[in-house]
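Have a look at the structure below before the remarks.
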Amino acid sequence: MTVEYVPGLAGVPATRSRIGLIDGQKGKLYYRGHAIESLAATCTFEEVAHLLLKGNLPSQAELDGFVAQLRNHRRLKFRIIDFLKCLPESGHPMDALVASMSSVGMFYPDNMYPDERDQRWGAAMRILTKTPTMVAAWHRIRCGDEPVTPRDDLGHAANFLYMLTDREPDPLAVKVMDVALTLHAEHGMNASTFAARVTGSTLADPYAVVSAAIATLAGPLHGGANEDVLTTLRAIPKGGVRAWAEEQVKHKRKVPGFGHRVYKVKDPRAGVLQKLAGDVFAKLGSTPLYDVAVELEETMEELVGSKGVYPNVDFYSGIVYEKLGIPTDIFTPIFAMARTAGWLSHWLEQLENNRIFRPSQIYEGDRDLEPKAIGER
Ligand code: COA
């Protein structure tokens, strides 16, 4: 059978799934059939994570049990903290997260190679709930501070902000973080989820599965873009948005925060985040970067809107996080904290009906060469 080669596997189905659906033409995103806008407006991240992992929005009793499990597993072994302390403080938080995530599994041999569903569930809970602790701990350590012990009386978003800052989190900041986690939790067969499914299909341990996904997310064409958006907005000369954007488009340079392989209209998550940005600025005061961002969005629509290039989720997330005082290089780790719910859902789904991924290639190299003697090469 000859199969056409499709660069980047664009549009090629890699699996059957019941988890996330994207309608790129209409700008809609659904988690297990629920529109993202409704979930962001009415559910906490914990409810959304339950929906993704278990397949249903939890009843109160189910939610209580789920939240209790998450809170129970938040702490890190002191050796993981010691390990983080040994990494160079100039290292990127995504690299620290890849390293610490892959090491966690060694402490839990019972669910490192899980055959049974409850072992898999145990690993999923640990990974989901320890990721924010690792992100916050690394940030504290590199600043010369001791990591902050997680609190059992706080929700997932509030506890993360508390561990990051060692302060009682502001309710608006908690709301924004909670919604941002929901918006980033799942997105169909993107590069990092594909990496998770490929790694999971080998029956690798789940900590390695998520570690591979985090490493894949770190690239600037994927999750790393939200960091680049802020760097870009800061670099645009005052009053020069149009001239700057025209220059980028003329030279076919990709503007971070714009364009998407699937969405050909504005990313629905960008719309929700833009509204949240409005709430944050109303309370904390606007930022000149927001005005630049809005002008850039309008200009880009004129210049490349006809190619289906519109703001994606990363465009407004960084502006909001910055206003909350979150360091730029923690933006992608926050994305990873959220997407862990999606990766783990795909890992669980993959193992329900597993077949190891083994695509083919079109070989274009030489054949039947004889090795020359070393002096003749
Ligand atoms: N800025 C300016 N032009 C862009 C663009 C961007 N961010 N993204 C795509 N385009 C243009 C391309 O230059 C191309 O134009 P052409 O047809 O005249 O050659 C056209 O739109 C199609 O681009 P293509 O690279 O084929 O799209 P893709 O689906 O392969 O790439 C991304 C999708 C996300 C990789 C790409 O849009 C990108 O690099 N965006 C910036 C990084 C980013 O924000 N990533 C986060 C994604 S959530």
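The values are calculated or read from the model by the stated rules, or taken from the named source; none is laboratory data. In this text, all values refer to a predicted model and were calculated from it rather than measured experimentally. Here Cβ is always computed from backbone atoms with ideal geometry, including for glycine, and neighbour counts include all displayed protein chains.
Would you point out the residue of the range 132-161, among those that are among the small types (Gly, Ala, Ser) and closer than 20 Å to Ala173 by Cα, that is surrounded by the fewest Cβ atoms within 10 Å (Cβ to Cβ)?
Looking at residues that are among the small types (Gly, Ala, Ser) and closer than 20 Å to Ala173 by Cα, I get Gly155.
Kindly indicate whether any position in the range 271-279 is under 19 Å from Thr182 (Cα atoms) and in contact with a Gly (Cβ under 9 Å, 6 or more places away or on another chain). Yes: the range 271-279 contains one or more residues that are under 19 Å from Thr182 (Cα atoms) and in contact with a Gly (Cβ under 9 Å, 6 or more places away or on another chain). Of all the residues in the range 109-123, those that are under 24 Å from the mean Cα position of the chain (by Cα) and modelled with pLDDT of 80 or more number 4. Among the residues making up the range 324-375, those that are farther than 14 Å from Thr199 by Cα, touching a Gly at 6+ places or on another chain (Cβ under 8 Å) and buried (at least 21 other Cβ atoms within 10 Å of the Cβ) are Phe331, Thr332, Phe335, Ala336, Arg339, Gly342.
Identify the residue in the range 242-283 that is of a type in the set (D, E, K, R) and part of a helix (DSSP H, G or I) and, among all such residues, is farthest from Glu301 (Cα to Cα). Going through the qualifying residues, I end up with Lys283. When the residues of the range 180-196 are filtered to those that are surrounded by 24 or more Cβ atoms within 10 Å (Cβ to Cβ) and away from the ligand (no atom under 13 Å from the Cβ), the one that is nearest to Asp95 (Cα to Cα) is Ala196. For the residues Leu39, Leu52, Leu21, Leu57, the requirement of being assigned to a loop (DSSP other than H, G, I, E, B), away from the ligand (no atom under 16 Å from the Cβ), touching a strand residue (DSSP E or B) at 6+ places or on another chain (Cβ under 9 Å) and at pLDDT 95 or above singles out Leu57. Candidates are the residues of the range 276-298 that are surrounded by fewer than 20 Cβ atoms within 10 Å (Cβ to Cβ) and within 16 Å of the ligand (Cβ to nearest atom); the one that is nearest to Val262 (Cα to Cα) is Glu298.
The listed residues are Ala245, Ala225, and the only one of them that is within 24 Å of Gly308 (Cβ to Cβ), surrounded by 14 or more Cβ atoms within 10 Å (Cβ to Cβ), small (Gly, Ala, Ser) and more than 20 Å from the chain's Cα centre (by Cα) turns out to be Ala245. One residue is enough: does the range 77-93 have a residue meeting the conditions within 20 Å of Ala185 (Cα to Cα), out of contact with any Gly (no Cβ under 9 Å at 6 or more places or on another chain) and in a helix (DSSP H, G or I)? Yes, the range 77-93 contains a residue that is within 20 Å of Ala185 (Cα to Cα), out of contact with any Gly (no Cβ under 9 Å at 6 or more places or on another chain) and in a helix (DSSP H, G or I).
The set of residues in the range 307-323 being in a helix (DSSP H, G or I) and either surrounded by 21 or more Cβ atoms within 10 Å (Cβ to Cβ) or away from the ligand (no atom under 12 Å from the Cβ) (or both) consists of Val313, Asp314, Phe315, Tyr316, Ser317, Gly318, Ile319, Val320, Tyr321, Glu322, Lys323. With respect to (1) crowded, with 19+ Cβ neighbours inside 10 Å; (2) under 22 Å from Thr149 (Cα atoms); (3) at pLDDT below 95, the lone exception for Met106 is condition (1).
Among residues of the range 217-239 that are free of Cβ contacts under 8 Å to residues at least 60 places away in the same chain and outside any helix (DSSP H, G or I), those with a Cβ under 6 angstrom from a residue that is more than 8 Å from the ligand (Cβ to nearest atom) and among the hydrophobic types (A, V, I, L, M, F, W, C), sequence gap 6+ or separate chain, pair up as His222/Ala191. Conditions first: (1) within 18 Å of Leu351 (Cα to Cα); (2) in contact (Cβ under 8 Å) with a residue 12 or more places away in the chain. Thr131 passes all but one, so which condition is the exception? Result: Thr131 fails condition (1) only. Given the criteria at pLDDT 95 or above and exposed (fewer than 15 other Cβ atoms within 10 Å of the Cβ), does Thr129 qualify? Considered against the rule, which asks whether it is at pLDDT 95 or above and exposed (fewer than 15 other Cβ atoms within 10 Å of the Cβ), Thr129 comes out as no. With respect to Val210, determine if the residue is in contact (Cβ under 8 Å) with a residue 12 or more places away in the chain, of a type outside the set (Phe, Trp, Tyr) and farther than 22 Å from Leu324 by Cα. Yes, satisfied.
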